[in-house]
Amino acid sequence: MHCIKKITGDLIWVGANDRRLAIFEGVYSVPGGVSYNSYLLLDEKTVLFDTVDKAVSRRFLENVAFALDGRKLDYLIMQHMEPDHSAAFEELLIRYPDVKVVCNAKTQIMIKQFFDLDVDALIVKENDTLNTGKHTLHFVMAPMVHWPEVMVTYDSTDKILFSADGFGTFGALNGALFADEVDFNADYMNEARRYYTNIVGKYGVQVQTLLGKASTLDIKMICPLHGFVWRNNLTDIISKYILWSTYQPEENGVMIAYASVYGNTENAAEIFASLLREKGIKTVMYDVSVTPASEIIAAAFKWSHLAFASTTYNAGIFVSMEELINDLVAHNIQNRTVAIIENGSWAATSGGLIRDKLEKCKNIKILEQTLSIKSSLKTVQIPEIESIVDTIAADFIQLPSDTGTNHTGIPASIDPAAMFKLSYGLFVLTAKDGDKDNGCIINTAIQITAAPLRLSIAVNKANFTNDMILKTGEFNVSILATNTPFDVFTQFGFQSGRDTDKFACVDYNERTSNGIRYIPGSSNCVISAKVTDSYDYGTHTLFIADITESIVLSNEPSVTYQYYFDNIKPKPQKPADSSAEKKKGYVCKICGYVYDGDPLPQDFICPLCKHGTIDFEPL
Ligand code: FEO
């Protein structure tokens with residue numbers, strides 16, 4: 001029985017999922033399965049983009065036959081010859097003997113290699129086009145993303161990029177087809193990273209070349225050969241590809257991979273991680289004998305600093321650690337700082353051998369100190385491990401005395417207080433996803449154009465409202481007025497909508513035409529908007545949106561940031577006793593939350609109002 005999905009009026013997904021495959025390409029575990037995507041365009045001519053793996057060829061052939069509905073198949077565009085996309089080719093030719101194969105010269109050679117067939121193909125090269133009626137298809141060569149014959153196809157009529165392996169993801173589709181139908185960042189981004197880094201991570205330069213070509217195209221949708229179709233928020237995945245292909249880390253922190261036979265090397269790695277955490281540095285840890293190498297490769301691409309702790313084994317690196325290091329070198333890891341811990345009961349060699357291998361990589365800074373353990377870490381070595389931690393910490397928290405930066409890592413020439421001179425307003429940003437209503441406080445709503453009426457908002461990604469807007473593409477901005485009580489700020493600013501119904505205690509239920517709630521009593525206006533673009537700026541998402549409705553609710557003046565501080569926010573109470581006065585810590589200027597300790601970690605986010613270190617001041 002067929003199982004197809006409509007993408008546009010004349011484009012249909014005819015691929016299939018495989019959840020029985022344990023190891024993809026004989027190397028990569030795929031616990032969530034994998035999808036093999038194929039697309040059928042029903043124009044005046046019918047066009048099939050690639051076939052599928054042999055494991056799902058029966059379902060694929062049923063899908064194609066059903067979607068064609070008796071029409072003949074005119075073209076088969078073969079973008080990639082790897083058998084997970086070409087295995088059903090021979091069977092397809094038997095069923096549709098008149099189909100014209102469209103491919104490049106390298107693909108034609110590979111067809112002969114894989115199938116022993118001489119195919120009279122339509123050979124295309126860079127910038128060649130194929131008109132199929134309403135659609136014009138443009139061919140773009142993408143060698144080594146992931147094999148040398150790979151090409152992608154751009155449909156300039158519907159502005160769709162058929163991207164071959166590019167922008168693919170491990171994981172079966174589970175009923176969805178579009179990335180915006182799932183919580184991609186939470187549930188699939190790790191698999192997208194693992195797919196990219198392991199499959200094409202080595203070929204960053206070639207991926208950048210393809211990204212450069214793609215940047216000249218007006219792309220509204222991306223159809224990859226694995227994983228979800230992208231029709232919204234394309235920048236979510238493109239921005240990741242820019243980082244991954246240039247080998248730039250996504251997050252500051254230390255990925256620690258260790259190989260330990262009897263737990264002593266693991267113990268040193270644990271102590272190392274604990275000391276880093278005490279400095280406020282994020283850490284992740286992997287036992288290389290347990291975690292598949294593909295997951296650790298992906299993590300190495302994500303984090304800024306890497307640490308390897310390995311026992312010595314057969315006078316070399318422990319076997320699973322050696323495989324990991326070889327794999328990292330093969331995947332071209334670059335631009336990282338590396339710390340090494342070695343263990344050896346009589347002749348420790350693993351540290352030096354790891355160093356030798358990683359030194360071949362581009363722009364890898366390996367710390368000079370190697371912590372060398374004889375059987376187990378000893379108390380006398382704690383200063384040594386602390387010294388390595390301090391060296392790493394210096395990259396994260398730079399002090400004014402030696403680097404010209406303040407405690408937040410911002411250069412001393414920049415006074416964060418300057419940001420408070422900007423005349424921000426304060427707003428409740430609300431969204432609706434199904435039955436869930438939610439909202440948060442923002443200070444970043446700005447009209448950017450008058451024709452069309454267009455708004456921008458920047459939303460902290462820690463806010464649940466951010467996720468809801470990314471998913472639904474709609475929101476309301478209630479402009480708070482000077483009669484707003486502090487309770488409204490605590491209600492929407494100091495708790496999370498993930499675990500709280502922020503509207504549970506209110507006695508109003510007003511909604512605009514888009515069905516989203518607003519704050520009638522405290523705001524002087526509500527503006528409804530529909531997202532046209534979103535941009536990932538690390539901690540925040542910048543949304544650009546067209547205004548769809550606006551209602552003036554009162555003539556009360558709007559609240560400014562300054563007015564909030566001067567007239568609404570309760571004044572801090574003096575400490576009750578003298579010992580509290582001496583307490584070291586930082587207070588959030590927005591909500592008054594107190595962080596006990598010094599220094600304030602560079603990436604600290606206020607647990608109440610989600611503001612960053614720039615909004616904290618010493619007690
Ligand atoms: Fe999904 Fe390179 O094949």
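So which of LYS461/LYS569; LYS72/LYS125; LYS220/LYS461; LYS530/LYS569 end up more than 28 Å apart by C-alpha?
Details: LYS461/LYS569 24 Å; LYS72/LYS125 26 Å; LYS220/LYS461 24 Å; LYS530/LYS569 32 Å.
Violating the 28 Å limit, Cα to Cα: LYS530/LYS569.
Among ALA65, ASN509, ALA142, which residue has its Cα positioned farthest towards the positive end of the charge dipole of the chain, with +1 placed on the Cβ of Lys and Arg, -1 on the Cβ of Asp and Glu, and the dipole taken about the Cα centre?
Going by the charge dipole, the pick is ASN509.
With θ set to phi - 60° and the Karplus curve 6.51 cos²θ - 1.76 cosθ + 1.60, what are the ³J(HN,Hα) couplings of segment 501-510 in order, to the nearest whole Hz, using x for Gly and Pro?
Coupling constants for segment 501-510: 8, 5, 9, 4, 9, 9, 10, 10, 8, 5 Hz.
What relative contact order, as a whole-number percentage, does segment 294-343 give when Cα pairs under 8 Å and 6 or more residues apart are counted?
54 percent
Report the label-to-label distance for TYR535 and MET1 in nanometres (one decimal), using points 7 Å from each Cα along the Cα→Cβ vector.
About 4.8 nm separates the two model spin labels.
Between LEU542 and ASN363, what is the FRET efficiency for a Förster distance of 30 Å, r being their Cβ-Cβ separation, to the nearest 0.05?
Given R0 = 30 Å and the Cβ-Cβ separation, E is 0.50.
What residues have an amide H closer than 5 Å to that of LEU137, excluding those fewer than 5 places away on the same chain, when H is modeled at 1.01 Å from N in the peptide plane?
LEU130, ASN131, THR132
Scan segment 498-539 for chymotrypsin sites (Phe, Trp or Tyr not before Pro) in coil per DSSP, keeping those whose Cβ has at most 16 other Cβ atoms within 10 Å, and list them by number.
TYR508
Expressed in nm to one decimal, what extension gain is obtained for the pair THR449 and ILE551 from 0.36 nm per residue of sequence separation less their Cα-Cα distance?
34.9 nm
Highest mean first, what order results for 316-322, 596-602 on Cβ atoms within 10 Å?
316-322, 596-602
From a point 7 Å beyond the Cα of THR246 in the direction of its Cβ, which residues of segment 527-561 have a backbone N at a distance under 15 Å?
Under 15 Å, as judged by backbone N against the label point of THR246, lie 536-538 of segment 527-561.
Could you work out the percent of alpha carbon pairs in segment 1-149 separated by over 19 Å, rounded to a whole number? Don't skip to the answer; put the middle values down first.
Values: 5812 of 11026 pairs.
Value for segment 1-149 (Cα pairs over 19 Å): 53 percent.
Please report the net charge: other residues with Cβ closer than 11 Å to the Cβ of ALA330, K and R +1, D and E -1.
Neighbourhood net charge equals +1.
Could you work out the per residue convex hull volume over the alpha carbons of segment 245-399, in cubic angstrom?
102 Å³
Have a look at the DSSP beta bridges in segment 53-158 and tell me what percent are antiparallel, nearest 5.
60 percent
Out of TYR241, LEU42, VAL459, whose Cα points farthest toward the positive end of the dipole of the chain (charges: +1 Lys, Arg; -1 Asp, Glu; placed on Cβ)?
VAL459
Any idea what the relative contact order of segment 238-355 is, in percent, if you count C-alpha pairs under 8 Å spaced at least 6 apart?
About 31 percent, as a whole number.
Along Cα→Cβ, 7 Å out, is where each label goes; now give me the distance between the ones at LYS72 and THR235 in nm to one decimal.
Inter-label distance under the simple model: 4.7 nm.
What are the ³J(HN,Hα) values, in whole Hz, obtained from phi via the Karplus relation 6.51 cos²θ - 1.76 cosθ + 1.60 with θ = phi - 60°, for each residue of segment 342-359 in sequence order, with x given for Gly and Pro?
Once rounded to whole Hz, the list reads 10, 9, x, 6, 10, 8, 6, 10, 4, x, x, 6, 5, 4, 4, 5, 6, 4.
Find the centroid of the Cα atoms in segment 542-559 and in segment 282-336, then give the distance between the two in whole Å.
51 Å
For segment 514-523, what does the Karplus curve 6.51 cos²θ - 1.76 cosθ + 1.60, with θ = phi - 60°, yield as ³J(HN,Hα) per residue in whole Hz, taken in order and with x for Gly and Pro?
Karplus values, whole Hz, x for Gly and Pro: 7, x, 8, 6, 9, 10, x, x, 9, 10.
Over the Cα atoms of the chain, each weighted equally, I'd like the Debye log10 I(q)/I(0) at q = 0.08, 0.09, 0.11 Å⁻¹, rounded to two decimals.
Each listed q maps to, in turn, -0.72, -0.89, -1.17.
Roughly how far apart, in whole Å, are the Cα centres of segment 76-94 and segment 33-51?
Cα centres, segment 76-94 to segment 33-51: 11 Å.
For segment 226-337, what are Rg and Dmax over the alpha carbons, in angstrom?
Both quantities, over Cα of segment 226-337: 15.8, 53 Å.
Between VAL27 and SER376, what length in nm is gained on full extension when 0.36 nm per residue of separation is reduced by their alpha carbon distance?
Taking VAL27 through SER376 to full extension adds about 122.3 nm, to one decimal.
Rounded to the nearest 5, what % of the DSSP beta bridges within the chain are antiparallel ones?
Of the beta bridges lying entirely in the chain, close to 65 percent run antiparallel.
Size of the dipole of the chain about the Cα centre, Lys and Arg at +1 and Asp and Glu at -1 on the beta carbon, nothing else charged, in debye to 20?
Roughly 440 debye for the chain.
Taking H placed 1.01 Å from N in the peptide plane, check which residues at least 5 places from PHE616 or on another chain put their amide H under 5 Å from its amide H.
LYS589
For segment 440-527, take the convex hull of the Cα atoms, compute a quarter of its surface area, and give me that in nm², please.
6.2 nm²
Would you please give the FRET efficiency between SER496 and LYS125, computed as 1/(1 + (r/R0)^6) with r the Cβ-Cβ distance and R0 = 35 Å, to the nearest 0.05?
0.05
Give me the number: length gained by fully extending ASP183 to LYS159, i.e. 0.36 nm times residue separation minus the C-alpha to C-alpha distance, one decimal in nm.
Answer, rounded to one decimal: 6.2 nm.
So for the chain, taking the charge dipole from beta-carbon charges (+1 Lys/Arg, -1 Asp/Glu), which of LEU377, THR216, TYR595 sits furthest toward the positive end?
TYR595
Go ahead and estimate [θ] at 222 nm for the chain from helices alone: -39,500 (n - 2.57) per DSSP H run with n ≥ 4, summed, over the residue count, rounded to 500.
-7500 deg cm²/dmol
What GluC sites (Glu not before Pro) in segment 180-278 are in a loop by DSSP, with at most 16 other Cβ atoms within 10 Å of the Cβ?
Details: sites: GLU181, GLU191, GLU250, GLU251, GLU266, GLU270, GLU278; in loops: GLU250.
Sites meeting the loop and neighbour criteria: GLU250.
Relative contact order (percent) for the chain, with alpha-carbon contacts under 8 angstrom and 6 or more residues of separation?
Answer for the chain is 8 percent.
Here, each number is a calculation from the coordinates, and none is a lab measurement. Because the structure is predicted, anything quoted here is derived from the model rather than measured. Glycine also receives a Cβ, built like all others from the backbone with ideal geometry; neighbour counts cover every protein chain displayed.
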